[in-house]
Structure formats: C-alpha cells, structure tokens
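Every number here is computed from the coordinates shown, using simple stated rules; none is lab data. As the structure is a prediction and not an experimental result, all values here were calculated from the model. Heads up, the Cβs are rebuilt from the backbone with ideal geometry, glycines too, and the neighbour counts pull from every protein chain shown.
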Amino acid sequence: MRKFLFLAAGLALSAPALAALVDVRIDANAGAGATVDQSIGANEYGPGNSYSYTGGGGGFGGTVGGGVLYMESDGSNLYIGFQAGNALNDLVTILLDTQAGGYTDAGMNDNGDGARRASSQQSINADDAYDPSFLPDYSLVMASWGTVLFELEADPNPLTFIAFDGGGSQPVREYAIPLATLGLSAGTGFVDFLVAYVSDSGFGSNESIPAYQPLNSGPNPGFDAVSAGYGNYNRFYLPEPTSALLVLAGLAALRRR
Ligand SMILES: [Ca+2]
Ligand SMILES: [Ca+2]
Ligand SMILES: [Ca+2]
C-alpha cells in the first residue's frame, strides 16, 4: 500500500519535484532474468536491453561516466550488468537502497580496504551527500580483481562482508544477488541505486550513474574536503503487476496529451 500511494503521488507531481530520481525502469517480465556470462546478449536486460542506465563525467576516462549499468530480475535474483566505458582500473561502487532506513557517507567510515573505503566514503575526505530520499543499505564494488558485496554499517562498525567473486572480466561484468540477500522478495519492491567511481586510495572521480551535473561538470573531487556529492539516483522495479500496470497506464496517459 505504501508503494501504491507513492506511485500515485509521483504520477501527479510535476517533473521537477522528482528531479533527484532520474531514470525508472520496470521489469515487465517476471520469469526472465539475465545470464551471468560476462557478456550482454540481445534483449538480455529487457526488450532492446532497455533496463539500462547511463551516466556523466569523464575525469577518470569515462569508465563509469561513459558506461552503462543494466538491471534484470527473476523470482530468485537481482542481476546487475556493467558495460565499462573505458578500462576498469578503479572501483565501480554501486550503492543499493532496497530497504527502509540506510546510511549516509557522513555516517559511515570503513578503511579496511579499498572497496570498503569506496563503499563507505566515496571521495575519502569529503562528505559526499546523496539525495535525502536515497539511503543505501548495500554496496557492490566491481574492480579489476573481481566483485565484492557488502552490507553497509554505521561508523565505527566495519561493513559486513557478504560475498566475493574473483572474476575480473572487462569491459563487461555481470553479477547476481539473491533477492533475499537484499531484503527483497519476488514480486515486491524496487531497487534504488547510484554508481560512483573511486580509486583504491579514496581519490574520488567526477563520474557517476546517473549523471549529476554539479559533480560531473567539475574537477575530480580527489582528496578534497569538499565534494558536490551524488544528488541523483535511479530506480529498478521488480515485476509487480499492479504497480507496473499503474505506472505504464500513467505513462501512456502522458504520451496521449
Ligand atoms: Ca525479469
Ligand atoms: Ca549475460
Ligand atoms: Ca566521502
């Protein structure tokens, strides 16, 4: 019911009120997931691979800013595909908001390794603000050495390790996360996310998915004490007939105007 009310309200609002939520994709095929084979096949992530999200910024060469993030789901897993826009030398940090509550950069601090640093800090010396509606619960980091999943925790606690895969494929990386691991269940809910790109030492880039002009148009935040932060985020809806039909009906009505 909470989601129904949110969707109904969202459809009634003008675009600027939703500016921080940039791209919304809806999984319209509950039975079809992706295949984790480090290759993006035709129609693997929705029709025409339309369950995709692009970014902005090129301070580290466009690996994330010129990259594409894909999502798919079936009854068991959330599938995340990433097509790098350039060499994957640094840490592609995908913050996932799947539950009520969550964390801010200012409230996390884990320097145990580069992936923990990127997940809890992004640019190491600045508090990188997110949109107030975006409070991530998990972080998936893709690097040349593989992919690692954490549950986020508040400072002074270390992040909770969940899983590691040592496959270092590029330019395409695919990974599956059981829905239950993210506190999700088949047929309900959505995943909000943003992607940052940070060096192992915590030197922040100006690249992000989705694009966020204040960050993307400036220099890399690097080791600075001030960052433009990540003011935008995206959403992927798990298949849920009622909500999906409601949104599609709303979009169709808008197109007819
Ligand atoms: Ca699907
Ligand atoms: Ca694939
Ligand atoms: Ca930070």
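Points to keep in mind about this one:
- Under 12 Å, Cβ to Cβ, from Asn157 - net charge with Lys/Arg +1 and Asp/Glu -1: -3
- Distance (nanometres) between label positions extended 7 Å along Cα→Cβ at Ala30 and Ser133: 2.6 nm
- Residues Ser201 and Asp224, FRET efficiency given R0 of 22 Å [Cβ-Cβ distance, rounded to 0.05]: 0.95
- For the pair Asn125 and Ala106, the difference between a 0.36 nm per residue extended length and the Cα-Cα distance amounts to 5.8 nm.
- Distances between placed amide hydrogens fall under 5 Å for Tyr230 paired with Ala129, Tyr130, all partners being 5 or more residues away or on another chain.
- Charge sum, other residues only, whose C-beta stays under 12 Å from Asn49's C-beta, Lys/Arg counted +1 and Asp/Glu -1: -1
- Helix 241-256 axis versus longest C-alpha principal axis of the chain: approximately 80°, rounded to the nearest ten.
- Pair Val172, Ser50: separation of 7 Å Cα→Cβ label points (nm): 2.1 nm
- On Cα atoms only, tilt of 2-12 relative to the major axis of the chain in degrees: 80 degrees
- Most mobile of Pro178, Pro221, Pro136 in a GNM of the chain (Cα contacts under 10 Å): Pro178
- When only the Cβ of Lys, Arg, Asp and Glu is charged (+1, +1, -1, -1), the dipole of the chain relative to its Cα centre reaches about 980 debye.
- Residue separation of Asp155 and Ser185 scaled by 0.36 nm, minus their Cα-Cα distance, works out to 8.0 nm of gained length.
- Here is how the number arises for the chain: DSSP H runs of 4 or more residues each give -39500 (n - 2.57), the sum is divided by the residue count, and the result at 222 nm is -4500 deg cm²/dmol.
- Spin-label pair Asp113/Gln99, simplified geometry with 7 Å Cα→Cβ offset, distance in nm: 2.3 nm
- Note on the chain: Cα-Cα pairs beyond 26 Å make up 36% of the total pair count.
- Globularity index of the stretch 173-224 is 1.55 (Cα radius of gyration / 2.2 N^0.38 Å, N = number of residues).
- Remark: relative contact order (the stretch 2-256) = 26 percent; criterion is Cα-Cα distance under 8 angstrom and separation of 6 or more residues.
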